[in-house]
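Everything below concerns the one structure shown next.
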Amino acid sequence: MDQLLEVLRDMKPGTLIDENSQLIEGGILDSLDVMNLSVELNDEFDIEITPLDILPENFATPTTIYNMIKKLQEED
Amino acid sequence: MSYTSFLYLFGFLGGMLLCYFITPKRFRWVILLLGSYLFYIAASKNWVVIFILVTTLSIYLGALWIEKINDIFKKLKGTLSRQEKKELKEKLIFQKKIVVVILLIINLGLLVVLKYYNFFAGGLNSALFNHLSMSLPVLKFVLPMGISFYTLQAIGYFIDVYRGKYKAEKHLGKIALFLIYFPTIVQGPITRYDQIGKQLYEGHAFNYLNFTHGSQLILWGLFKKIVIADRANMFVNHIFQDYAQYSGIVVMTGILFYTIQLYTEFSGAVDICRGSSQMFGIELPKNFNQPFLSKDINEFWQRWHITLGLWLKEYVFFSVSLSKPFKKFNTFVKKFGNDYLSKLLPATTALFFVWICNGLWHGASIKYVGYGMYYYVIMLCGMYFEPIFKKIISVLRINIESKWFKTFQVIRTIVLVNIGMLIFRADSLQSAFQMLKSCFVPSQLPLNMIPTLGIDIHDFVIIIIGAAVVYGIGLIKEKGISIRESISSMKLPLRWTIYIAAILVVVIFGAYGKGYDAVSFIYATF
């Protein structure tokens, strides 16, 4: 989770982000940010996020992103 | 057969509704299929139907083939080791990619040859062949009605099956209906199979509320198209054809009226289509959501031509930025480039393809490429300069939640969109630039000058009032109030007074008959 929070904070400097921050509803991430983040996560966690994973519920909070990463790592 | 014609509204649509509801429920989709082919043939040349048949058959068979490959993996994956599973997956993905490439060559190939051949041939001639004293000939192709719309739907369908989003449809007739459904075939909205497939095939019972809501939407669409757009068209044509004669406020009014024309015409047409479909109980997706209340260009494109934007996001933006070659490229840039910029690189690259596709989808000319690139540059500026904008807002202590700041943002978006519309409507990029430049030359638009600009003073006032009504209704909708539901809940005498008044407004103020030209839908030519 710490690694993920670091990625998010690097992407949005100056924005306070914790495990339960509302990323989409809170306006921290827009659709372009989600795309940039997905590519970054693929690289950082060696996973393969597909277009079917790009859903608002998967990117709602750092916790939901973390759960998605775990799921993709297990599937691989 | 135009959506605004008596033949369509009272002949075709009325006849279809009658046939649909008297047919047993399980065969109702067949009525829609037969009616849609009849509509297509009546609205275009008979033999042109062959192109949509080729698309239908190819994606039907291709999707089944992909489905078969997906099934092999599902069947075997439980019996294999991790390594074997990985190898099999890679092998099957390769096979699926071959099928996708074949389908893209057939379907995109047809679109590219028929719509873009002359554009690319011209480019190749001037860049290469003319230097070798050769040239590719200019060919005149017939562009099948709705090809830009049904091709996108077809591609979306088989890519979804490829990605495993849903299973391939086993019935050829059902795929045929999905592609040719008459309310969407001419100018969208661009639908997705998982969005309307089931709705199309289940037989809907007659529903009075759907019927009245559909009728209201059609009437609202007719108001926007016939009362506002067709009237503004005359003024716009006059200014754009003779733009060198005018400057300042006259040109600005011409540009603003074109924006009004395009919005009221395209959204009006989609309202007629969505209203027609709703009468059968089939809900089509929204294509517009008060775009002129957007605070920035990114938001504008989430509210304007929504179904095209979603298609490009789903099948171009995602495909490019999550592709393996792009992943390698991104890793390379991260290694050697600036860390902050490399984080923005995925969207920067993918957006380029999105906006090139968006521009070229609208037409085969450099002007449309310029139109796409205009929005691409604005979006990049927004993305790259975000930290600077935030800093300025903080230094100037601007309250971004204040009403005046939001109003400023909306006006800024409207100005930027109007420049985009100028590029879209002008004959060339050069004339768009000339017109934009001439906006800064002071001039006046006295009332007695209006009759010399293609319309009389009454037309001018009707356009202004009509646009204000459309904008006002948009503001009400933005507050979450459903006008159609509000009307439905009124008492019968008041409700019918509104219906009759609305019909009379369209009949009395509609721009048709002597002195007015029937105007084809702009998006029907894309």
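We did not get these values from a lab; they are worked out from the coordinates using the rules stated. What you see is a predicted model; the values in this text were computed from it and never measured. Ideal geometry is used to build each Cβ from the backbone, glycine not excepted, and the neighbour counts take in all protein chains shown.
Numbers at a glance
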item	result
Spacing of the two label points (7 Å from each Cα toward its C-beta) at B:ILE105 and B:ARG397, in nm	6.7
Computed over region B:6-206: relative contact order in percent, which uses C-alpha pairs under 8 Å that are six or more apart	36
Neighbourhood net charge (10 Å Cβ-Cβ; Lys/Arg +1, Asp/Glu -1) for B:TRP29	+3
Among A:ASP43, A:ASP33, A:ASP18, residue whose mean-square fluctuation peaks in a GNM of chain A (springs only between Cα atoms under 10 Å)	A:ASP43
Per-residue ³J(HN,Hα) for region B:85-97, Karplus 6.51 cos²θ - 1.76 cosθ + 1.60, θ = phi - 60°, Hz, x for Gly and Pro	4, 5, 5, 5, 4, 4, 5, 6, 4, 4, 4, 5, 5
Longest to shortest principal axis, alpha-carbon extents of the protein assembly as shown, angstrom	78, 71, 68
C-alpha center-to-center spacing [region B:383-436, region B:45-63] in angstrom	43
Computed magnitude of the charge dipole of the protein assembly as shown (debye, nearest 20; Cβ of K, R +1, Cβ of D, E -1)	1020
Cβ-based net charge around B:ARG397, under 15 Å, with every Lys or Arg adding one and every Asp or Glu removing one	+1
Globularity ratio of region B:6-206, using Cα Rg and 2.2 N^0.38 Å	1.27
Helical mean residue ellipticity (222 nm; -39500 (n - 2.57) per DSSP H run of 4+; nearest 500) of the protein assembly as shown	-21500 deg cm²/dmol
Geometric extent, Cα atoms of region B:1-113 - Rg, Dmax (angstrom)	21.4, 66
For chain A and region B:185-204, distance of Cα centres in Å	33
Whole-angstrom gap from region B:447-503 to region B:228-291, using each part's C-alpha centre	15
Note, ³J(HN,Hα) from phi for region A:35-46, Karplus 6.51, -1.76, 1.60, rounded to Hz, x at Gly and Pro	5, 4, 5, 4, 5, 5, 5, 3, 6, 5, 10, 6
Whole-Hz couplings from phi, Karplus 6.51/-1.76/1.60, listed for region B:491-507; x for Gly and Pro	5, 3, x, 5, 4, 6, 4, 5, 4, 5, 4, 5, 4, 4, 4, 5, 5
Taking only Cα atoms of chain A, radius of gyration then Dmax in Å	11.2, 34
Net charge of neighbours whose Cβ lies under 14 Å from the Cβ of B:ASN418, counting Lys and Arg as +1 and Asp and Glu as -1	+2
Unit charges at the beta carbon, dipole of the protein assembly as shown: most positive-side option, B:THR191, B:LEU7, B:LEU445	B:LEU7
Dipole-positive endmost among B:PHE94, B:ILE22, B:SER58 within region B:1-134 (Cβ charges, Cα centre)	B:PHE94
Region B:1-120, relative contact order in percent, only Cα pairs under 8 angstrom and at least six apart counted	20
Space enclosed by the convex hull of the alpha-carbon atoms of chain B, per residue, Å³	214
Cα-centre dipole for chain B with unit charges at Cβ (Lys and Arg positive, Asp and Glu negative), debye to 20	2020
